Amino acid sequence: MEQKRHSLSIGRLAALTHCNIETIRYYEKIELLSQPLRTQGGHRLYDETSQEQLVLICQARSLGFQIAEIRDLLCLVGGHYPADESAERATEYVSAIRLKIRALRSLQHSLEAIAFE
């Protein structure tokens, strides 16, 4: 198994993901984001997996997913479910996302009607 380098500081991770440092700390506190390794001085060091997790978390939050749903998404993406259950859960999320897209398109059309009258 390839070992990932833990070389991203919290500031660098925040910059790469466009996520606030305090938000990153909060996600760690509620165990949504994996705990990073620490230097002898206590500084956090993140790896590529942490970055990928944080991107997914931020995308899901921006789409209105709740923390419990995001935990489930992280488990799904991380391969923590049997294949048949993964397929079922993924299908449910695809359906939920399609509904959100339809709702956003409807809102878009309403706002365009107001803006371009």
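The values are calculated or read from the model by the stated rules, or taken from the named source; none is laboratory data. This is a predicted model, so every value here is computed, not measured. We place every Cβ from the backbone using ideal geometry, glycine too, and count neighbours over all the protein chains shown.
Okay, residues lined up against (1) of a type in the set (Gly, Ala, Ser); (2) assigned by TED's automatic domain parsing to the domain that holds ILE10:
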residue	(1), (2)
GLN35	no, yes
ARG38	no, yes
ARG44	no, yes
CYS58	no, yes
LEU74	no, no
GLU85	no, no
ALA90	yes, no
VAL94	no, no
ALA103	yes, no
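Against the definition (among the basic types (Lys, Arg) and either within 22 Å of CYS75 (Cα to Cα) or in a loop (DSSP other than H, G, I, E, B) (or both)), how does ARG12 come out, yes or no?
no
In the set LEU63, LEU99, LEU107, which member is modelled with pLDDT of 95 or more and of a type in the set (A, V, I, L, M, F, W, C)?
LEU107
Just checking, which of LEU13, LEU56, LEU45, LEU32 is touching a Phe, Trp or Tyr at 6+ places or on another chain (Cβ under 6 Å) and surrounded by 12 or more Cβ atoms within 10 Å (Cβ to Cβ)?
LEU13
So how many residues does the stretch 16-29 have that are assigned to a loop (DSSP other than H, G, I, E, B) and either surrounded by 12 or more Cβ atoms within 10 Å (Cβ to Cβ) or touching a Gly at 6+ places or on another chain (Cβ under 7 Å) (or both)?
Final tally of qualifying residues: 1.
Can you name the number of the only condition in (1) buried (at least 18 other Cβ atoms within 10 Å of the Cβ); (2) closer than 27 Å to ILE101 by Cα that LEU8 fails?
Of everything listed in (1) buried (at least 18 other Cβ atoms within 10 Å of the Cβ); (2) closer than 27 Å to ILE101 by Cα, LEU8 misses just condition (2).
Only one of these conditions is not met by GLU85: (1) within 10 Å of the chain's Cα centre (by Cα); (2) surrounded by 11 or more Cβ atoms within 10 Å (Cβ to Cβ). Which number is it?
(1)
Identify, please: which residue in the stretch 100-117 is surrounded by 10 or more Cβ atoms within 10 Å (Cβ to Cβ) and of a type in the set (A, V, I, L, M, F, W, C) and is, among those, farthest from GLY64 (Cα to Cα)?
Only one residue tops the list, namely LEU111.
Quick one: is TYR93 surrounded by 15 or more Cβ atoms within 10 Å (Cβ to Cβ) and either in contact with a Leu (Cβ under 6 Å, 6 or more places away or on another chain) or over 30 Å from ARG5 (Cα atoms) (or both)? So that I can check it myself, show each step before the final result.
Numbers: surrounded by 15 or more Cβ atoms within 10 Å (Cβ to Cβ): yes; either in contact with a Leu (Cβ under 6 Å, 6 or more places away or on another chain) or over 30 Å from ARG5 (Cα atoms) (or both): yes.
Yes, satisfied.
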